[in-house]
Structure formats: C-alpha cells, structure tokens
Amino acid sequence: MASSLPPDSAIFNVRVSVFQRSAGRSAVAAAAYRSASRLVDDRIGETFDYTKKQAEDSFIVAPPEAPAWVLDRSALWNRVEAAERRKDAVVAREVLITIPRDIPADTRRAFAEAAVAPYVAAGAVVDVALHRPKAADSEEQPHIHVMLAPRALDASQPVGFAKTRNAALTAMFESGGRHGGGERGEALTRERERIASLMNEFLAAAGSARRADHRTNAARGLHDREPEPTMGEGRKAAARKRQKHDRRTELVSSIRKERIQENELTAIEEEIMAVNATRQARSGIRPRSRVDFKTKLLKEHFPDLRNPEGWAASLHFIDAAAPGALRLAAKDGGHIEIRDRLAKVYGMRGQADALADALRTADDLDDIERLEELKSLRRKANGVRPKRDPEEVLELSPDRVESIADRWRSRGFTKITEAKDGVWIEIGKCRLQDLGDELRIHGPAASDAAVRAMLAKAVDEWDSSLEVFGAKDFKDSVWLEAQRQGVVVYDRDTGELYVPSEEVRKKFEADNRRLRSEGDEMAALKSHKAMASLLLEAAAGDAAALKKLQANDKDLADFVALHLDDEQRGRLVGKPEADVVPALPAFRYYGKAARQDDEEKRKREVLAPDYALTPEEELAIADDAAAEERRPR
C-alpha cells in the first residue's frame, strides 16, 4: 500500500479540544454525532439524530462502582450539561486519536480501552467512538473520538457529578500559568508521548516495523518534511460529496502524492543499496530521504533498538539481500550475521560485539556466538615479512577486494561478503577472511571443507606453496590436505618445511593404501562394464564389437557366437549393463564349453570317411557294435 509516510513511521495525530457552551456547543449533540445515535438535549429541548452516519464501534467506560445511568449515553450527557450552570462552561473535553493502519481491526478496541484507562483511573467517565472513514488515498483511516466528562462522579450531588471540575483529569492536559506547575504545554506533551508509546506497543505486537513519534518533524531532524495543513472531517466530506477539491484539500492531496513518489523512489534506492553491500560501502549515492537509510534498515529489522542513529553511524554496511538473514559490517572491522534471532559475531572486537549485546538487550536476539580467529595461512614469503599489529584495522582497496571476490566466485563459492577488511567466505560454521596474500579462518573449529578451500587458493594463486600458523592439529590438517593437492607446507614459526605428527603421517600412508585399493577396484569395475557393453553390442550383431571382444575375451566372444541362438541373443540385447556384469563369469564358462564342443565336432568331421555307406554296410557296422557291447570284459 502506497503511503506518504516514511517506511519506518506510523501516523501520529493526537488533538485535544474542549466544547464550550458559549460557542454554541452541546455535549449531547457531540455524543450523538460521534456515536451515530439519536439523543435529545433536555436543556435546550432539541433532538439530534445522526443514525444515518456510521460508527465502527462506540462504548462508555466508567470508574468502578459507577451508577448504572452512567452507561446510558443520553442520561450521561444530559447530566453533564445539567452539572454546568455557567453560560461559558466547558461541557466536555475531547481527545481525537488517529490509529495507525498497521494496528489490526480486531485489536483497535483494546487499543482504545488502553488509551483511556488513565482518564478512568483519574475518575473521569469516558465516551469512546471508533470511526474509519476514507482518507485522501482512498484507504481507511481509523481514529477514535474520546469525550471526557469534566467533573468526577459524586453520588451526593443531585445530578451525580461533583461541584468542582476534576483537577486530576485537567492536570493531564493543562500545565503552566493558572493551571499549576511546569511549563505551558508540558502536560500535553507528556500525554502525547504516552499515547505514542502505547501505539508502538500495539504496532510491535502486530509485527509492524513502523513506529509512532510524538515529536515534531523539526525535533526529529526531518527539516525537509513540513507538516501538512490540517483538514477537518467536514471539509473532507464536502470535497467527497461534490467530487471536487477546494484549495486546502487540493494542496494536501498534492503534498501526499509528491511524498508517495519520493517514498517509492527512496524505497527503490534503498533496495538497491540494501542488496548490494559492495555498492553501499563504496558509493556516495544516498537515498533522497535525509534520514540515513542504514538507520531505516535498523529500525525496520529492530524496531526496539535504542539509538539506531548512533549504531548506524558505526556501520560500514547492512546487507539484507539474503532472505531471512542480515549481515552487518562495522567500521572497525567487526561483523555480525543474524539468522532466526541467532547472531554470529566475528572479526575485530569492538563495535560489532557492542551492537550484538544491544540487540539482545532489546530482545531482538536469543543468543550470540563469537567466532574467534583460530589460524591462518599465507603465501610463502621470500625474505622477512613485516609483522602485522593484531589490533590494526585492515583496509583493502575496492578494486583489490573485487578481484579477490571474483576468484572465489570462479571456484564456485556463492556466500561471499566484500568488505574493506577483505573478502569473507562462509563455509559451514567457519568464515574465511581473504586478504589476498593471507587467509584467516574464524569459527569454533576448522572444518575439512574450509581447509580444502584454503588449499585450493594456494594451488590457484600461491604457486602451491604456503606458510601455516596455528595450533598443531590445524597445521596437521593443512599438511594432510596439502599432500593430496600437491602443496608444499612451511611452518610459519620455524620457516622450515612442516613436519606432521607421527599419527597424521600414518593416517596419510593408510589413506594412500586405501586409495590404491579403491583405484584397483574401480579399474576392475570399469573393465567389467566395458566387457558387458562389448558383449551386448556383439549380441546385437555388431561385427566390429564381436571382433574386439574376441581380441580381449575369447570366452565371451564364443558365448555370443557359439552358445546363443538368435532368440537368446535378442533377449540378451534388452538387458541393462548392470545385470550383465554379475553374469560374466557364467557367460565365460558357457562360451568355453561351447568352444570345446565345437572343437570335438570338428575333429570328428576330419576323421570321418568322405564317401557314403550303403544301407547294408551301415547295418553290418551296427551289428558289429552290438556284438562288441555283448562281449564279456
């Protein structure tokens, strides 16, 4: 919904007025109008019927043990009029409170009851009417009219109200001069502040990032945002009825349209800056709003954070590009990542740690995890390298940062943050800080994935040579991965080649044996798959495949050529390679047996006579064979 308000602001309008009899005002008439009801003013004998109007809700709130007639609107306000005898008497006080749209409709009555509770506690009878007319932008603008009886209840008096005005109630709105201590307007300022605070409680409960502020635009630093000219409801209703603006409504409408356009343009600029932390950190582009957009982002994500302007001034950038996550970089080199009300803080100690603590105090965080700098790698130096002060805030040029980040992206990494203190890469629970010639790892422990990523940089950019610094277990893990990637590792403490622990060396040798074994198994598996593929191609009638199969595995070739008939070959061709591989030993057996049978058959054909026997000769041979069988052995 388009709004002329800044994205972190809620509408705030609280006006206090009095109804004076000398000005022709009637408390009965005002109550009838606001509650959209029909009431008779007994004092002047006039009926006020506003039942054609609309009121979203209306109700009366009174102190405990008030008489029943108090809840009858006609009886209430006629008794209020009767209690006032002067012709210039104040017959009622009204507080008009505009309700921010982000407060849901089903909680607006609760808001109204909470708003008037202090008046009731001061002894006042309160008549509340909730309206929600259309605003200039055609959206509803809910508000409440709160009418206050100026005197407290007193059962000893004929009309039921005290002889004097309710001083406790008056003191809530009037101060200075004849109204008692304090500066003029001080009481009203306190009351406006109370109502703004109540609005913010309901806005926070509704999950809205907007907040109400009772201060003037000038007091809030919005010097370029002049207040709109006021418009009464009568003026707005008249403009709607004639479907044409007068000069005042036309001016307000044009102001709001201009502010809506400014807000939309500011929102686009802020969106670009919020999702592009690099541009945010480097660029001089500023949103059109004079309020710093980092402050706006903080207010949007952490509405209850105290002094967001001060915290925003300490931040290098706020990255809100990733859904459900927020990254903040402090100017002193500290970083915060926030997901699901959990914060990880790393980098330089200082502003980031303080901000995280402030967010937890504001109940915006459930827990904070500090990722300490554990170890580092750096390019092997030729000569003596100057030592860096651990408290020094590092700052790389923008071009250098961009170049480093691009190299990580080319390796397939996506969770990258560009900052003035280097490029940060998220790998599991670890954060790598790349300074170009040095890599620092932050986290609870150095994961294998983080170590592999660090070694990959050494291969790509450091000529496969590096110096390692840190605890013995970290050095061992780097050395072990370095052997796999062909990187030479030096101990930064001694300047000599790093010597791993005996346990790690044995693990490396065991890994090598395992890898060789796995390699042999893989080669065998690849060979089996290749033979299965050739066999299927040969069975399908591929002469070249059969010839290649004969050269590599004669038994399988003979299985296809001698053992299988055409129907069996057709069924075999439909089988997948995975089913054929386990059957290869059996196929070789059948192929070898078929070849042996074929060789026996060929021998018999060579020894057989090359002429045909007569029937008589065949019968004689058969008789001789039979006689031979009968001869005793």
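The values are calculated or read from the model by the stated rules, or taken from the named source; none is laboratory data. None of the values given here were measured: they were computed from a predicted structure. With ideal geometry, Cβ positions are generated from the backbone for all residues, glycine too; neighbour counts draw on all protein chains shown. Just so you know, the surface numbers come from the protein's heavy atoms only, side chains and all, with ligands and any DNA or RNA stripped out. Shrake-Rupley method; radii C 1.70, N 1.55, O 1.52, S 1.80 Å.
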Which chymotrypsin sites (Phe, Trp or Tyr not before Pro) in segment 12-52 pass both tests, a DSSP loop state and at most 14 other beta-carbon atoms within 10 Å?
-> none
Evaluate E = 1/(1 + (r/R0)^6) for residue 22 and residue 304, where r is the Cβ-Cβ distance and R0 equals 60 Å; express this FRET efficiency to the nearest 0.05.
-> 0.80
Note: residue 114 to residue 54 extended length (0.36 nm per residue) minus current alpha-carbon separation gives 19.3 nm
With a point put 7 Å past each Cα toward its Cβ, work out how far residue 506 is from residue 472 in nm, to one decimal.
-> 1.5 nm
Under the 7 Å Cα-to-Cβ spin-label approximation, residue 40 and residue 491 lie apart by a distance in nanometres of 10.6 nm
Does a label point 7 Å from the Cα of residue 540, set along Cα-to-beta-carbon, have any residues of segment 565-590 with amide nitrogen under 18 Å, and which are they?
-> 566-581
Over segment 401-539, what percent of the accessible surface lies on carbon and sulfur atoms, probe 1.4 Å?
-> 50 percent
Taking r as the C-beta separation of residue 201 and residue 96 and R0 as 22 Å, the FRET efficiency to the nearest 0.05 is 0.65
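Can you tell me the accessible area per residue over segment 461-507, all protein chains present, probe 1.4 angstrom, in square angstrom?
Numbers: 2470 Å² over 47 residues.
I get 53 Å² per residue for this part.
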Cross-link table 507/529; 375/420; 380/420; 134/294; 344/506, entries beyond 26 Å C-alpha to C-alpha | 507/529; 134/294; 344/506
